[in-house]
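**Q** The structure is given below, and queries will be raised subsequently.
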Amino acid sequence: MPVNTALATQVWNRYTYLRDNGHLDYVKKAAKCEDFFAGLQWDQNDLALLKAQRRPALTINKIISTISNVMGEQIFNRTDIAFKPRNEGATSEVADALTKVFMQIADNNQLGWARSDVFTDGIVTSRGFFDVRLDFTDSLRGEVRIEQLNPKNVLIDADADEYDPDKWNDVLITKWMSPDQIELLYGKADADLLRSRTDSYYPYGYDSIDINRDRFGSARAIGWPLNTVTQQEYNNVRNIRVIERQWKKLDKVLHFVDLETGDTRVVPTDWDDERISQHLQANPQLATTKKLIQRIRWTVIADNVVLHDDWSPYKHFTVVPYFPYFRRGRTVGLVENLLGPQELLNKVSSQELHVVNTSANSGWKVKRNALTNMSTAELETRGAQSGLVVELDDINNIEKIQPNQTPTGLDRVSYKAEEHIKSISGVSDYMQGFAREDVAAKSVQTNKQSGQANLAKVMDNMNRSDFILARTVLDLVQEYYTEQRLLYITTDRLMNTTEQMTVNQPTPEGRIVNDLTLGEYAIVVTNQPERDTFEDTQFDQAVRLRTEAGVQIPDKYILQSSRLKEKAQIIAEMEQAGQTPEAKQQAELQMRALAADVATKEAEATQKGSDAQLKQAKAQKEIASIGQDSGQNEIALEQQKLEAEMAMEQQKLDQEFQLKQEQMNREFELKREQLQMEMALKREQATAEAAIKATVAKEQAKAARVAAVHNAQPPGEASPTSPAPGAPAKTPKQGA
């Protein structure tokens, strides 16, 4: 794009206005908060002065442990995004498809880690930002890309006072880029134009905002002149500041209008007249009209070179903010209010150490020329050593200087500083796991939950940012995910199972299945614990329900909530083992034992019924005796009492009898099935025994015939009435 000095100057002037009206103040605050979080908590001038005075400068970093606890609370409580239909054109099937599409986008962008980084930016520097846009690196159809932005590089509309970026007029993103990166994104001509410049050729100055910037190397951004390195090395140096401005501008835009509902929708900018006519013919209830709206203009400059200037393809700014505390344009984090107590703790602890040091080496009073074995300078350096021997001309010519007494309450000041950090941050000892040993576990849990309430607003604003993020992603999906796509979604990370889903799939009938472009959908943001923490809680509850409450929870669900390494394989093997014949036989035996137990309880219930009848007869006799010995009022009261007891006992017996009868019916069915199985088994055994006997008889008869043929002596022949060889002899009947 040719040089457009007027447009570049307009963007640059807006940049300097936002920089000098609030953003530089924020950058200084953010830099100080990040230094304190990293442990760089002393001013360099103060360190030099203390070093010159030979005084200690301790750094006891309580901020990083306190903020780490808040970061852990966020990690252990993730956000789940879902969609639900909002108007008549939306369906629950498409809402489920959109939910799965968001899951796939979140998985591709590792949103869990990006969300934690943005949250950390917010609580440390008071601002964190996502950047949501289409990326064409891996796919020409475009994929939603979610990244984290450095909050120091995002300049917000100075006149805005709303949390939602849709209420801002503009937002600027500045970054350092190399000539090769500019060529890749914006073209070779602009990159070559910037490559040919030296530091003196930049009309707006080499740098703009603070020279120090965040990176792995030195924080100070120093240019790398071309005459000291090769051209290839220079192309990889990020020494060109690129400013990207997204701003709103009035424009008349063609809209589709639904004549039945009155809903309007912007006509895509890439649609020509023919495609618009086809869409109107396919949807007779639609018409077109032009409306004056605020559209987003997208301008990118590098110094006075305009790299890009066109209408934004998105309905929203690509920036999604997170502010832990937000009050009318003022953002507040957690670290900035801990700076004072942390400085107090460092200074008081250093002073305590200084007092201890001065007590050990408080100094000496020496008369001139009184030392005979050392000089005054040597005494100064060796005066605090153990076993020091000083040789004097007179014992009264030297005196140890008495140190100042430790100020009363100095140790209490450091204790108060630590307590201030806990009370201001809302992170108590219970939340950090430092509760006293004499406190009950239930009380510890209650105090921990009370401490979490102090962070409720911080977490709620994170949910608010998640809602804005989901809204931006939803609009991108409905606008640009218009063609058929095959998506893979991980449905169960425990079993490592995935699901394939096709969106915008046309059918032979001309209908589109899972059409993501139609309908309006509401966003539902819910919190759920991290899987590890959630599993621990679920496992503990499942075990308690099973052991204490007697709820028969299957083993599979207890294993699923455990932390065993191979639990998926264990569950699969258990399910396979449950299908074996031995397992089925064992289950049948357990059912029979249960049926026998039911029969025993039914007999006990019958016995209780008989006892109740005896009690009733006894009660009637007592009523009769009471009527003879007492007045009518006492008789009536006693009779009512006995009748109520009898009614309750009868109701209890009826319930027990009904339960026992049901159990008896089940037992009877089980016994009948058992008898049928036993009878069938006995029939099979009888048939088998008869077949065996017939076979034996045939073998015996055959053996007898063979013996008769080969035996030459007639007396040895077997008589027809004699028993066959090897057969048992018949026993005469007794009493014949």
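No lab work stands behind these numbers, since they all come straight from the coordinates. It should be emphasised that the depicted structure is a prediction, and the values quoted were computed from it without experimental measurement. Heads up, the Cβs are rebuilt from the backbone with ideal geometry, glycines too, and the neighbour counts pull from every protein chain shown.
**Q** Just the number: Rg to Rh for segment 77-120, Cα atoms, Kirkwood Rh, two decimals. Provide the component values of the computation, followed by the final result.
**A** Numbers: Rg = 13.0 Å, Rh = 11.8 Å.
Here the Rg-to-Rh quotient is 1.11.
**Q** I've got another one for you. At Asp161 and Val413, where each label point lies 7 Å from the Cα along Cα→Cβ, what is the point-to-point distance in nanometres?
**A** Calculated label separation equals 4.2 nm.
**Q** Which value results for Rg/Rh of segment 253-340 when Rg is the Cα radius of gyration and Rh the Kirkwood radius based on the inverse mean 1/r?
**A** Radius of gyration relative to Kirkwood radius: 1.21.
**Q** Something else: Any chance you could run the full-extension gain for Asp35 through Val543? It's 0.36 nm times the residue separation minus the Cα-Cα distance, nm to one decimal.
**A** On the way: separation 508, 0.36 × 508 = 182.88 nm, distance 4.63 nm.
Computed gain between Asp35 and Val543 is 178.2 nm.
**Q** If eta is 1.306 mPa s and T is 10 °C, what Stokes-Einstein diffusion coefficient results for segment 255-413, Kirkwood Rh from Cα pairs, in µm²/s?
**A** The calculation lands on 62 µm²/s.
**Q** Follow-up. Points 7 angstrom from Cα along the Cβ direction at Gln607 and Asn169: gap in nanometres?
**A** The modelled label-to-label distance comes out at 9.2 nm.
**Q** Rg and Dmax of segment 125-164 over Cα atoms: what are they, in angstrom?
**A** Rg then Dmax for segment 125-164, in Å: 13.7, 39.
**Q** With bins 10 Å wide starting at 0, give me the P(r) of segment 235-295 over every alpha carbon pair, in whole percents.
**A** The distribution over segment 235-295 is 18, 36, 18, 12, 10, 5, given as percents.
**Q** Over segment 23-74, consider all pairs of different Cα atoms and compute the Kirkwood hydrodynamic radius from their mean reciprocal separation; express it in Å, one decimal.
**A** Computed over Cα pairs of segment 23-74, the Kirkwood hydrodynamic radius comes out at 12.8 Å.
**Q** Here's a follow-up. Would any residue of segment 388-410 have its amide N under 12 Å from a label point 7 Å out along Cα→Cβ of Ala370? List them or say none.
**A** Taking a point 7 Å out along Cα→Cβ of Ala370, the residues of segment 388-410 whose backbone N falls under 12 Å are 391-401.
**Q** With each pseudo-label sitting 7 Å past Cα toward Cβ, what's the Asn504-His279 distance in nm, one decimal?
**A** So the two model labels end up 1.3 nm from each other.
**Q** Just from the alpha-carbon atoms, what are the Rg and Dmax of segment 1-110 in angstroms?
**A** Values for segment 1-110 (Cα only, Rg and Dmax): 25.2, 78 Å.
**Q** Rounded, prolate or oblate, given the Cα gyration tensor of segment 335-408, with a/c below 1.5 counting as rounded?
**A** Since a/c reaches 1.5 and a/b is larger than b/c, the shape of segment 335-408 is classed as prolate.
**Q** Taking 20 °C and 1.002 mPa s as the conditions, I'd like the Stokes-Einstein D for segment 49-139 in µm²/s, using the Kirkwood hydrodynamic radius from alpha carbon pairs.
**A** 124
**Q** As an exercise, use a Förster radius of 22 Å and the Cβ-Cβ distance of Gln586 and Gln552 to find the FRET efficiency, rounded to the nearest 0.05.
**A** The pair Gln586/Gln552 has a calculated efficiency of 0.85.
**Q** Ordered by packing density, taken as the mean number of other Cβ atoms within 10 Å over each peptide's residues, highest first, how do 35-46, 87-98 rank?
**A** Descending mean neighbour count gives 87-98, 35-46.
**Q** Which order, highest average first, do 275-283, 110-118 follow once you tally other Cβ atoms within 10 Å for each residue and take the mean per peptide?
**A** 110-118, 275-283
**Q** Return the long-range amide H neighbours of Val306 (sequence gap of 5 or more, or a different chain), with a cut-off of under 5 Å between placed amide H atoms.
**A** When sequence neighbours closer than 5 places are left aside, the close amide H contacts are Asn4.
**Q** Could you tell me the calculated FRET efficiency between Asn396 and Gln53, based on Cβ-Cβ distance and R0 = 35 angstrom, to the nearest 0.05?
**A** About 0.65, to the nearest 0.05.
**Q** Stretch Arg265-Lys618 to full length: gain in nm at 0.36 nm per residue minus the Cα-Cα span?
**A** This chain segment gains 118.5 nm when fully extended.
**Q** Moving to a separate point now. Applying 1/(1 + (r/R0)^6) with R0 = 60 Å to the Cβ-Cβ distance of Leu353 and Asp192, what FRET efficiency is obtained, to the nearest 0.05?
**A** The calculated FRET efficiency here is 0.50.
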